[in-house]
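Everything on this sheet refers to the single structure shown next.
The values are calculated or read from the model by the stated rules, or taken from the named source; none is laboratory data. Not measured: the values here are computed from a predicted model. Note: ideal-geometry Cβ built from the backbone for every residue, glycine included; neighbour counts use all protein chains shown. To get the accessible areas, we keep the full protein, side chains included, count just its heavy atoms, and leave off ligands, DNA and RNA. Shrake-Rupley method; radii C 1.70, N 1.55, O 1.52, S 1.80 Å.
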Amino acid sequence: MPLPDPLKALNGAVSLLTTVPTPQFYPDEPGRAYAFFPLVGVLIGLALWGAIALLQLFFPADVAAFGGLALWVLLTGGLHMDGFGDSCDGLFATVEPARRLEIMKDPRTGTWAVLGLVLLLLGKWNALRFAPLAALPLVTGMARWVMVLAAGNFPYARQTGMGAYFSGGLGRVQLLTATVTALMLVAVYSRYAIAMGIVLVTVSIVAGWASRRLGGGLTGDVYGALCELTELLLLLAISTQN
């Protein structure tokens, strides 16, 4: 018996955003999976919350934070970190937009990618030492909502690629469903509303800048970079506010 399309879309979101083994069911239009991106983000945050809390029972806070960060990378397959590194290499290059797109497709890792990833991991590790674990579902959920907003509000900069593949089926229903999940997070974590607002404005500015650097659109790598940037900034803001 075939699965209903919403379940296929949820399965597609889990399959794309995590390393959790899933059945090979996919929606007819892959972009429908975007509707469940924030929900999958929340589930990732809940898993990290439980894992780090368990680690803290046996290890010092610094070690537990490191273990949690390692699990974070493993659970997401480093997908968005790869996009973050590629985006650093391409967006900071002093070349034409078309050449930036070529650089971002290059499998070789450049200086900007290395520097960016080191700073990203150090920032996340330090923030995890002080941020309340209960806020992790907010961090991971909102970061994946940002990906949905980026995909829905900016043209895709290439004709092919993972982002282009997942553009089919992304419409108002998917944007609304993802936004409802995000608004529920805002309601639950209202004490961090100011931090969320500042981070979202900052990330939207970065998205606009990236679009201009790439000639008027974004790529899947940039979606991942925006996700990682949102996680980092929210973690830092929450750890400071706590």
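Worth a mention:
- Counting the residues of segment 190-221 that are modelled with pLDDT under 95, β-branched (Val, Ile, Thr) and over 15 Å from Met142 (Cβ atoms) gives 1.
- Elements of type helices (runs of 4 or more DSSP H) contained in segment 26-124, each with 2 or more residues being of a type in the set (Lys, Arg): 97-105
- First in segment 1-15 and within 19 Å of Ile44 (Cβ to Cβ), second anywhere and assigned to a loop (DSSP other than H, G, I, E, B) and at pLDDT 85 or above, Cβ under 9 Å, 6 or more apart: Val14/Val20; Ser15/Pro21
- Residue list for segment 110-144, restricted to those being open to solvent by less than 70 Å² (accessible area, probe 1.4 Å) and not hydrophobic (A, V, I, L, M, F, W, C): Gly110, Gly116, Gly123, Lys124, Asn126, Pro132, Pro137, Thr140, Gly141, Arg144
- Selection status of Leu39, closer than 17 Å to Leu136 by Cβ, open to solvent by 40 Å² or more (accessible area, probe 1.4 Å) and without any contact (Cβ under 8 Å) to a residue 24 or more places away in the chain: no
- Among the residues of segment 125-139, those identified as assigned to a helix (DSSP H, G or I) and under 19 Å from Leu185 (Cα atoms) are Leu133, Ala134, Ala135, Leu136, Pro137, Leu138, Val139.
- Once segment 75-115 is narrowed to residues that are touching a residue at least 60 places away in the same chain (Cβ under 8 Å) and among the aliphatic types (A, V, I, L, M), the residue that is farthest from Gly208 (Cα to Cα) is Leu79.
- When residues of segment 1-21 are limited to those that are modelled with pLDDT of 80 or more and over 19 Å from the mean Cα position of the chain (by Cα), the one farthest from Phe36 (Cα to Cα): Pro21
- Counting only helices (runs of 4 or more DSSP H) wholly contained in segment 164-242, the ones carrying 1 or more residues that are open to solvent by 40 Å² or more (accessible area, probe 1.4 Å), more than 20 Å from Gly12 (Cα to Cα) and touching a residue at least 60 places away in the same chain (Cβ under 8 Å) occupy 193-213, 220-241.
- Among the residues of segment 47-66, just one is more than 15 Å from Ala131 (Cβ to Cβ) and buried (at least 16 other Cβ atoms within 10 Å of the Cβ), namely Ala47.
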